[in-house]
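Everything on this sheet refers to the single structure shown next.
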Amino acid sequence: MVRYVWMTWRYLMNMLPGVLAALALYGCLYPWRRRRLEAAGLASSRLREVALALFWMFCGGMAMLTLTPWGFNLIQVLRCGWREPFFQLGDANLIPFQTFRLSGVLLYTLLGNIIMFLPFGFFPALLWRKHTWKRSLVTGLCVTGFIECWQLLVGRAFDIDDLMLNTFGTLCGFWLWLLFRRAAPAFAGGFQVKEKSVT
């Protein structure tokens, strides 16, 4: 149990620089986004903006975690440098369920790959209208497909198991939003943009 907590903590610490960078970018773009919404006669509530900022932060953290070589930690790199080449050819696993047989931490790998991608299904459905399960499926395939192909270029691996589990995680995130909307429809509606009331 302690091992899994420590592994999770290391993942979160590796995500931190990306989280902070995404939050800074969100803050810089906020005035421009607000003007665009006002020009369209729309308004975004504070509740929606908080959720949107969280989604940006998550995406920044995931970029740092998944698009860099194994062992890459930006804070340590800034302090000590990075001696390995950033770009190098990785491996590919195209045989389904192969990773599960090789992994010594099977349950952690399974749950981690699904839970990590829940926000890619949950937040778009929460924040944008007309987001369907089909769009979540396409989002999951495109995002994880890009990540897996990119990882081939940074010395990691394209893994068909990751592609399947991450896409399933995105769909689970959409289903989680459906449950949330059913349990609290009025509250869930507060995360959507509204037409600006004319007074």
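The values are calculated or read from the model by the stated rules, or taken from the named source; none is laboratory data. Here the structure is a predicted model, which is why all the values come from computation and not from measurement. Positions of Cβ are generated from backbone atoms using ideal geometry, with glycine treated the same way; all protein chains shown enter the neighbour counts. In case anyone asks, the SASA skips ligands and DNA or RNA and just uses the protein heavy atoms, side chains included. Shrake-Rupley method; radii C 1.70, N 1.55, O 1.52, S 1.80 Å.
Brief remarks follow.
- Residue match in segment 126-136 (condition: within 19 Å of residue 108 (Cβ to Cβ) and open to solvent by less than 20 Å² (accessible area, probe 1.4 Å)): no
- Residue satisfying all of: in segment 101-125; surrounded by 13 or more Cβ atoms within 10 Å (Cβ to Cβ) and more than 22 Å from residue 142 (Cα to Cα); modelled with the highest pLDDT among these: 108
- All of 35, 48, 3 fail the test of being assigned to a helix (DSSP H, G or I), surrounded by 11 or more Cβ atoms within 10 Å (Cβ to Cβ) and among the basic types (Lys, Arg), apart from 48.
- Residues within segment 125-172 that are assigned to a helix (DSSP H, G or I), over 14 Å from the mean Cα position of the chain (by Cα) and without any contact (Cβ under 8 Å) to a residue 12 or more places away in the chain, tallied: 4
- Residues in segment 43-87 that are closer than 21 Å to residue 148 by Cβ and within 16 Å of the chain's Cα centre (by Cα): 11 in all.
- Only residues that are assigned to a helix (DSSP H, G or I), at pLDDT below 95 and open to solvent by less than 40 Å² (accessible area, probe 1.4 Å) were counted across segment 173-199, and they come to 2.
- Residue 62 meets all of the listed conditions (1) within 30 Å of residue 182 (Cβ to Cβ); (2) open to solvent by 30 Å² or more (accessible area, probe 1.4 Å) but one, namely (2).
- Check on residue 94, in contact (Cβ under 8 Å) with a residue 12 or more places away in the chain and surrounded by 12 or more Cβ atoms within 10 Å (Cβ to Cβ): no
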